[in-house]
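The values are calculated or read from the model by the stated rules, or taken from the named source; none is laboratory data. Predicted model only: the values in this text are computed from it and were never measured. Counting neighbours? That spans all protein chains shown, and the Cβs are built from the backbone with ideal geometry, glycine included. When the accessible area is computed, the model is the full protein with side chains, heavy atoms only, and any ligands, DNA or RNA have been set aside. Shrake-Rupley method; radii C 1.70, N 1.55, O 1.52, S 1.80 Å.
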Amino acid sequence: MISSISNTTQIYAPSKVAKTTAVSAYSDVSSAKPLGRMEQMQEKYKDVYSPIPPKYSKEIEDLQVSMMREKYPDYLPLEQALEKYAVKINIDNPQSKEELAILQKEKTAKIVQEEGENYYTKGVIDPVRSAYEQEVINKHPNNLWDRPGVSVSNSKELASFYNAGVYEGLESGKSLEEAKTIAGHTVRSFMDMSDYYNNTIMKSTSHFAGENIEFTYTNDKPINYNNRIDLREYGFDMEVGTTNIYNNEQSMIVSIQRKLDYYNFILTNQDTVKSKYDNLDNFKTNNISFDEQIIKPIQERYKPESELALSIFSQYKIFNSVDIRV
């Protein structure tokens, strides 16, 4: 469902880049071969979670639309709703935020005058409708990283990682919604999202800055220790929120384990770390304590996500081959 469609703008990405021809972790495996972790989890949780497929499917989208229209005849899939109700950004001569707001208001008013108010022009969320749409999507998920018009070259790997994250969350006793939430956060933290950001978000917003902005990962970027906690004397040349990204399980395992060692050092040596923190003038946030700024984010976000990512890369083959790990 689209909420507040009158405030939504759409930009159309270039044609999709060539995809890898490597065999996916989702490929069928012979009954003579041992089931990998992914296949084991798919079987175990088949009545609980429907995994994101490795590729976008027009058939799945059509099924979603058909099911929604049985109950809500005016339903439109995202791209069609944006096409009809939202103002496109002019890439050659991009409008300002103010201009876009005026154009959107005019377009919405014209549609209301011609057709009357409806779910999209009012921009009001119907919780019952929203819940039903989510139910349909949960039962029949599609790979939206791979959808037409979005050039995300590693969409298959992103789906594999996300599914593995959900399964590992379920294995640890989390509810399905909890498992999906942390899996989503962990994808964004530990997988290469540059194609997704650059070909969707950046293309639709970078013109506001007056220039094209490109998102890139820079591994081993030097840290300015004039305004960051310096624990190099204890063997840690890193900072809390930075994660290196590699398209290789073993490299990610080594990197994440090192990051977990760093987090554990901070949590078990808080007095030492706080003394370093107290000497920083440019890093501390006004009215936020050391515990709120450093300790709680590690405990509640960074460490749990790192542990999940380590579990995934240790037990699943995410990149470019059949998952044969047990």
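Results, tabulated for the structure shown:
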quantity: Surface accessible to a 1.4 Å probe, L63 within the full protein complex, Å²; calculated: 70 Å²
quantity: Segment 82-157, accessible surface, carbon-and-sulfur percent (1.4 angstrom probe); calculated: 55 percent
quantity: Solvent-accessible area per residue, Å², over segment 47-157 with all protein chains present [probe radius 1.4 Å]; calculated: 58 Å²
quantity: Segment 39-189: relative contact order as a whole-number percent, Cα under 8 Å and 6+ apart; calculated: 34 percent
quantity: Gain on full stretching of the segment that runs from E135 to Q270 - 0.36 nm per residue minus C-alpha separation; calculated: 44.2 nm
quantity: Lysines with Cα under 23 Å of K296, excluding same-chain neighbours fewer than 8 positions away; calculated: K174, K180, K259, K274, K276, K284
quantity: Estimated FRET transfer efficiency (N93, R188; beta-carbon r; R0 25 Å; 0.05); calculated: 0.20
quantity: GluC sites (Glu not before Pro) within segment 77-125, DSSP loop, no more than 16 other Cβ atoms inside 10 Å; calculated: E117
